[in-house]
């Protein structure tokens with residue numbers, strides 16, 4: 001009797017093993033049912049990937065990019081290797097169409113994959129596996145490709161395409177507008193959770209920290225595209241702050257004040273922007289203009305006042321003892 005039970009168990013195992021292996025082959029990778037866009041700015045050469053999904057931290061899976069090379073979006077039942085492998089093939093001189101074909105033909109899970117590749121010249125190609133969950137589809141044209149799966153309807157990716165082509169402005173803003181259009185058309189049938197945007201330069205400087213221009217992620221949020229858009233606006237404000245810092249290094253206080261002021265106007269509730277604007281005004285011998293800003297900053301957080309003598313000591317604040325007392329009296 002025990003021999004019979006053993007034989008039955010072996011038969012069951014031998015039957016289930018191939019099924020388990022197939023399941024592992026198709027589903028061992030993380031899900032990223034989503035809608036995304038890969039795109040290039042024909043003027044600046046910048047390239048980017050933007051994505052939204054009802055899945056945690058979608059940006060860590062979907063978007064890949066390298067300055068001077070191209071960008072890749074890998075989604076649905078994600079094969080993460082498509083990202084680095086796709087960029088490697090582009091660097092070897094393969095076209096996006098060749099990259100898509102080579103990656104998918106070598107992948108036994110191709111039927112549940114979705115892939116988009118765009119190179120530094122603006123050529124784009126994309127692919128939707130026949131078993132991707134509907135609504136699913138893709139549109140690839142010069143300088144962009146949009147792709148989506150598990151959508152509420154089949155209007156999502158056409159809406160993304162139309163909006164990207166019609167929207168003016170910087171690449172990042174155009175790509176987020178495309179995501180907004182996809183969401184407005186129906187979006188992910190499951191809802192919203194995370195989003196991201198990656199922008200790289202059109203040509204490589206060899207300095208990764210400079211070539212990756214924007215890298216923003218919303219990992220878990222009820223309105224991820226709205227939050228991503230807010231972060232992009234904040235990023236633009238800090239571009240002005242960074243420019244102000246550079247002008248300060250060069251002792252060009254007039255330009256520094258202008259840049260800090262521009263940042264503050266974009267986010268008037270940001271205390272730090274006000275503080276450095278005020279410091280720069282003092283350095284430009286406009287203490288009276290700076291005092292109201294210091295007063296507002298100190299009222300919100302007295303720690304900023306503690307920083308004043310430290311800045312003098314490190315020669316970041318140029319003032320005498322009398323001026324320092326005036327500043328600290330704003331507490």
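Only the coordinates and a few stated rules stand behind these numbers; no lab work does. Keep in mind that what you see is a predicted model, and the values were worked out from it rather than measured. Cβ placement follows ideal geometry from the backbone for every residue including glycine, while neighbour counts extend to all protein chains displayed.
What to note about this one:
- Anisotropy class of the stretch 82-171 from Cα gyration tensor, a/c 1.5 cut: oblate
- Acute angle (nearest 10 degrees) that the helix 287-300 long axis makes with the longest principal axis of the chain, alpha-carbon atoms: 50
- Peptides 66-74, 256-264 ranked from most to least packed, by the mean per-residue count of other Cβ atoms within 10 Å: 66-74, 256-264.
- Helix 2-27 axis, angle to the chain major axis (alpha carbon atoms, nearest 10°): 50
- For the pair the stretch 288-331 / the stretch 203-223, the C-alpha centres are spaced 34 Å from each other.
- Ratio Rg/Rh [Cα only; Rh per Kirkwood] for the stretch 209-299: 1.06
- Relative contact order for the stretch 30-222, counting Cα pairs under 8 Å that sit 6 or more residues apart, in percent: 28
- Bins of 5 Å, starting at 0 and running to the largest distance - Cα pair percent for the stretch 261-313: 4, 22, 31, 29, 12, 2, 0
- Cα-based equivalent ellipsoid, the stretch 30-222: semi-axes from gyration tensor eigenvalues, Å: 22, 19, 15
- Between the Cα long axis of helix 224-249 and the first principal axis of the chain there is an angle of about 40°, rounded to the nearest 10.
- As computed over the chain, the Cα convex hull volume per residue (Å³): 196
- Against the empirical 2.2 N^0.38 Å (N residues), the stretch 134-293 has a Cα radius of gyration ratio of 1.32.
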